[in-house]
Amino acid sequence: MSSDKIVIGGAGGFIGGHLVAELLRKGHRNIRAVDIKPFTEWYQHFPEVENLQLDLQEKEACETSLKDAHTAYNLAADMGGMGFIELNKGLCMLSVLINTQMLMAAKKHGVQRFFYASSACVYNADKQRDPNVTALKEADAYPAMPEDGYGWEKLFSERMCRHFREDFGIHTRMARYHNVYGPHGTWEGGREKAPAAICRKVIQAKLSGKHEIEIWGDGKQTRSFMYIDDCLHGTQTILASDILEPINLGSSELVSINQLVDIVEQIAGIKLDRNYNLNAPKGVNGRNSDNTLINKYLGWEPCVRLRDGLEKTYGWIYDQMTKH
Ligand code: NAD
């Protein structure tokens, strides 16, 4: 009898934790959740699934994790927001070991479906110099000039997934996530991304009464942000689909960082003085997701409005900050 076991690598992280929760909600019970972090540090931890603390850069750990597995999601990576990836290129590149060992173990154990979480950081930097962006389409990853470190690792791992499919018949699927945000993710400590960092700073200002905020860069850089619910739906749908090439999974609702701060200020009901730190890491000037392909293949694209997703994220971070 074939197994229906689903393995989630990086299950102690933001997206991995939500994915375990979602699979449980859908009635799956044969789930193995794996992460390098101690269980007490997982954002979400479900005793009803098999939980393993393992380093997925190790061959044996990947073999243990993928034994009897039907489906594998590789969401494990050493990563964070711009402040982390610009200063930790070597660590980011070492995540190549995770996907390599996961693919090798998937081959050994005959895993049927394998998902790889790639990133918009694979896109050629030349296409992202102008805040008035032309949205990035999948072909814009080549000729290759991705984000140094993190983006190169993602681009290489995408290709490895492709060749393991072509040469060894593993049904690999890849999504290029564009800035995912939501509750139960990193909001402090240096790895947080812009939506969580701005929520935290606005809440700090509100609680302290010191009505000012530091913004990285000039605030004119543009991005799109995808709420976690859209990410979960897209991830599972892409894995079940026949889409063989890496595909964008991101919102196309473009905002500048200043507009992102406007929205969070509205949610908080305050107005802050803005200080721009032009020396802080700020990433590319502009980036948006061209959703032509995902619409064509799935008849769907991420659709949660930024304002709606941010309200939930703000509320959760507020609770974290005030419960101590
Ligand atoms: P996260 O940092 O919250 O989760 C990643 C998890 O991987 C962490 O819990 C970490 O402990 C674990 N991990 C790291 N090294 C490991 C190892 N050697 N063995 C086992 N576990 C290990 O990040 P996330 O936001 O949930 O991202 C999930 C995936 O999506 C990552 O591959 C990331 O690069 C990709 N991605 C995320 C975003 C985003 O905006 N969140 C955007 C693009 C791509």
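Here are some notes:
- Exactly one residue out of A11, A72, A77 is in a loop (DSSP other than H, G, I, E, B), in contact with a strand residue (DSSP E or B) (Cβ under 6 Å, 6 or more places away or on another chain) and among the hydrophobic types (A, V, I, L, M, F, W, C), and it is A11.
- Here M145, M104 are screened, and the one residue that is part of a helix (DSSP H, G or I), of a type outside the set (S, T, Y), outside the structural domain of R287 (by TED's automatic domain parsing) and more than 13 Å from the ligand (Cβ to nearest atom) is M104.
- Where T172 falls short, out of the listed (1) crowded, with 21+ Cβ neighbours inside 10 Å; (2) within 14 Å of the ligand (Cβ to nearest atom): (2)
- A count restricted to segment 80-101 and to residues that are closer than 19 Å to Y177 by Cα, assigned to a loop (DSSP other than H, G, I, E, B) and away from the ligand (no atom under 13 Å from the Cβ) stands at 1.
- All conditions but one from (1) of a type in the set (A, V, I, L, M, F, W, C); (2) under 30 Å from I6 (Cβ atoms); (3) within 13 Å of the ligand (Cβ to nearest atom) apply to A240; the one that does not is (3).
- Selection status of M160, surrounded by 22 or more Cβ atoms within 10 Å (Cβ to Cβ) and modelled with pLDDT of 95 or more: no
- Top-ranked residue of segment 107-142 - restricted to ones that are in a loop (DSSP other than H, G, I, E, B) and β-branched (V, I, T), ranked as farthest from the ligand (Cβ to nearest atom): T134
- Strands (runs of 3 or more DSSP E) fully within segment 247-318 counting 2 or more residues that are crowded, with 17+ Cβ neighbours inside 10 Å: 247-249, 254-256
- Subset of segment 52-79 (residues that are more than 12 Å from the ligand (Cβ to nearest atom) and either under 24 Å from V180 (Cα atoms) or aliphatic (A, V, I, L, M) (or both)): L66, A69, T71, A72
The values are calculated or read from the model by the stated rules, or taken from the named source; none is laboratory data. Keep in mind it's a predicted model, so treat the numbers as computed, not measured. Cβ coordinates were reconstructed from backbone atoms using ideal geometry, including for glycine residues, and neighbour counts include every protein chain displayed.
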